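Encoded as structure tokens, the structure appears first; notes follow it.
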Amino acid sequence: MFFLYLNVVVFLVFALSYWQDRRKIINGFLFNCFLFSVFITLLYFSFTTYNRVLVMISLVFLVILGLIGVFGAFALMVASFVNARILIKKEGARFSNFLTLFLGLAILGLLVLSSTILANYLPEFMKDITGFLILLFLYFLFNFMNFFIASFIYQIYRPRLDKDFIIVLGSGLIDGYIVPPLLQNRINVAMNFYFKQAKSHRPPKLLFSGGQGGDEKIPEAVAMQQYALKNGIPLEDTLLEDQSINTLENMVFSKKIMDSLKGDNQYKSLFATNNFHLFRAGIYAKRAGLTSQGIGSKTAFYYWPNAMIREFIAILALYKKWHLAVIIVMALITIALSIIGYFFT
């Protein structure tokens, strides 16, 4: 019974955290803890009751985990290289499209440095550096898993059809004035919600948010508005925020417009973006003082891994002081262990 109670307690802690604020990375950590407690419970009951079904399920999970432990790094490296090739071929050789390639190269480097054959020829300090790099990789992998789960469960959201505004977040334009497919998807998901709400309720205002970049001929908000008008949205149901240059400014400047029309937070709003961008956009909405949650458009599978890595890097940057402090502690521990090993071996 202890394990059952443990599962219930861990799940309730997660549920309370998620209910208080869906936009927290710790939600991912707590849900991972819940999954781990369920797995431990499954193992316990499998080998104490000898139930054949439970034993088989446990063995399958153990085999999968074993394969991941042995071949996971190599499989991830190969998958990263394959994804990089597909992405660059389809989307072009921009720096932002090389992230999965860099990940594959980093894993390859770690595999080479940690190989038994090479380890015999490395000086001790290189072995220590390799150990630290592996520890660093595991640390970022742990954080990525928490971020990934938090991002995934954030998308489990069905908003009510009672919104006053939908903020549509901008992105770059093709040739300085054409709405690209990725941005079209954002607008489409907002328009779909608009038409659904309009059937049974007063339609919301679509607030297009995005300034004019140095290589753009018109503001992103204007291009998005033109796309929406061509697809049946009345002009009177659109608003423009054409000064922002990043997601935080999207939220801050949009809030000012909504506050001016309805009063400070005296309205219900959503924001629309691509699904991989939802979680980080939610964090920025919170920082801007908005209670808005997000709805996301689907993303092509080949584009998704690179996009998630980019989002993860941006999340790391939001909490860079914390991560830097942890990395420094890990480095100091590595140095201390190296010194101890040098004098006592």
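The values are calculated or read from the model by the stated rules, or taken from the named source; none is laboratory data. Keep in mind the model is a prediction, meaning the values are calculated, not measured. With ideal geometry, Cβ positions are generated from the backbone for all residues, glycine too; neighbour counts draw on all protein chains shown. Remember, those area values only see protein heavy atoms, side chains included, never the ligands or the DNA or RNA. Shrake-Rupley method; radii C 1.70, N 1.55, O 1.52, S 1.80 Å.
Table for the structure above
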| item | result |
| --- | --- |
| Options Met258, Met251; residue that is more than 19 Å from Leu182 (Cβ to Cβ), part of a helix (DSSP H, G or I) and touching a strand residue (DSSP E or B) at 6+ places or on another chain (Cβ under 7 Å) | Met258 |
| Pairs, first at pLDDT below 90 in the stretch 1-12, second open to solvent by less than 80 Å² (accessible area, probe 1.4 Å), C-beta under 6 Å, six or more apart | Phe3/Thr41; Leu6/Ser37; Asn7/Ser37; Asn7/Val38; Asn7/Thr41 |
| Sole exception among (1) in a loop (DSSP other than H, G, I, E, B); (2) more than 22 Å from Ile187 (Cα to Cα) for Ile313, by number | (1) |
| Lone qualifier among Val55, Val70, Val10 - being under 28 Å from the mean Cα position of the chain (by Cα), open to solvent by less than 60 Å² (accessible area, probe 1.4 Å) and among the β-branched types (Val, Ile, Thr) | Val10 |
| The stretch 291-310, subset in a helix (DSSP H, G or I) and open to solvent by less than 40 Å² (accessible area, probe 1.4 Å), residue farthest from Pro181 (Cα to Cα) | Ile309 |
| Of all residues making up the stretch 29-64, the number that are without any contact (Cβ under 8 Å) to a residue 24 or more places away in the chain and farther than 22 Å from Ala150 by Cβ | 21 |
| Subset of the stretch 198-236 that is exposed (fewer than 15 other Cβ atoms within 10 Å of the Cβ) and of a type in the set (D, E, K, R) - its residue that is nearest to Asp162 (Cα to Cα) | Arg202 |
